[in-house]
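Below is one structure, written out as structure tokens; the observations come after it.
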Amino acid sequence: MLGTILGSTFRWIQPNGWEFDPVYMGPDTIDYTVKHGPHAGRHAVQRIFFHRVAPGIELTSWYEEVGTVVSVIWYLESQTSHRFAALPAWAGDDYSVLVGDNQDPEYIDRVRMLAQSNPDGPRNLLWDDGYFELS
């Protein structure tokens with residue numbers, strides 16, 4: 001069984017065609033690329049908050065530059081996950097606005113302008129189960 005999600009590189013699949021590949025989970029960051037799904041082409045590096053809930057069960061949470069809040073429970077033995085995400089209304093209405101690289105200052109400027117000029121709520125909520133495969 002995988003001892004921890006930290007330090008792993010993997011492919012993460014969620015319902016409705018979401019595929020994150022590759023994903024690298026560092027000790028304090030997640031670095032991911034959306035390969036398939038509503039905002040395919042997005043790349044992001046996010047600071048994570050990590051908690052080992054119990055042996056084989058770990059939680060990562062992060063706050064994205066667009067205002068999205070994400071929490072994922074990783075079940076290491078079954079290599080499954082449970083995601084909760086709350087996206088601002090403007091981002092949930094059109095996921096394509098999220099395509100880009102959050103390491104690019106022009107992308108950051110663009111999404112900040114969108115956030116300032118569009119409604120935050122009601123938030124688009126996601127709660128779903130997925131799985132991951134180690135690379």
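The values are calculated or read from the model by the stated rules, or taken from the named source; none is laboratory data. Everything numeric in this text was worked out from a predicted model, so none of it was measured. With ideal geometry, Cβ positions are generated from the backbone for all residues, glycine too; neighbour counts draw on all protein chains shown. The accessibility values were calculated without ligands, DNA or RNA, using every heavy atom of the protein model including side chains. Shrake-Rupley method; radii C 1.70, N 1.55, O 1.52, S 1.80 Å.
Here are a few things to note about the model shown:
- Length released on extending from Tyr95 to Val45, taking residue separation times 0.36 nm less the Cα-Cα span: 16.2 nm
- Contact order for the chain, expressed relative to its length and based on alpha carbon pairs under 8 Å spaced 6+ residues apart, stands at 25 percent.
- Per-residue Karplus couplings for the range 105-118, computed as 6.51 cos²θ - 1.76 cosθ + 1.60 with θ equal to phi - 60°, are listed in order as x, 5, 5, 4, 4, 5, 6, 5, 5, 4, 5, 6, 10, 9 Hz, Gly and Pro entered as x.
- Per residue, the accessible area of the chain comes to 51 Å² when a 1.4 Å probe rolls over the protein heavy atoms.
- The range 2-70 shape via C-alpha gyration tensor axes, a/c threshold 1.5: prolate
- Given (1) 2, 10, 15, 16, 16, 14, 9, 6, 5, 3, 2, 1, 0, 0; (2) 2, 11, 19, 26, 20, 12, 7, 3, 1, 0; (3) 2, 11, 20, 23, 19, 13, 8, 4, 1, 0, the label whose value is P(r) over Cα pairs in 5 Å bins from 0, in percent derived from this model: (2)
- Modelled this way, with points 7 Å down the Cα-to-C-beta line, the labels at Leu134 and Met113 are 4.5 nm from one another.
- Apportionment of accessible area to carbon and sulfur, the chain, percent (1.4 Å): 56
- Across the range 42-50, coupling constants 3J(HN,Hα) worked out from phi with the 6.51/-1.76/1.60 Karplus curve, θ = phi - 60°, read 6, 10, 8, 10, 10, 6, 10, 10, 10 Hz, and Gly and Pro carry x.
- Neighbours of Tyr107 by Cβ distance under 10 Å: Lys/Arg scored +1, Asp/Glu scored -1, total -2.
- In order through the range 61-71: 3J(HN,Hα) via Karplus (6.51 cos²θ - 1.76 cosθ + 1.60), integer Hz, x for Gly, Pro: 9, 7, 10, 8, 4, 8, x, 6, 10, 10, 9
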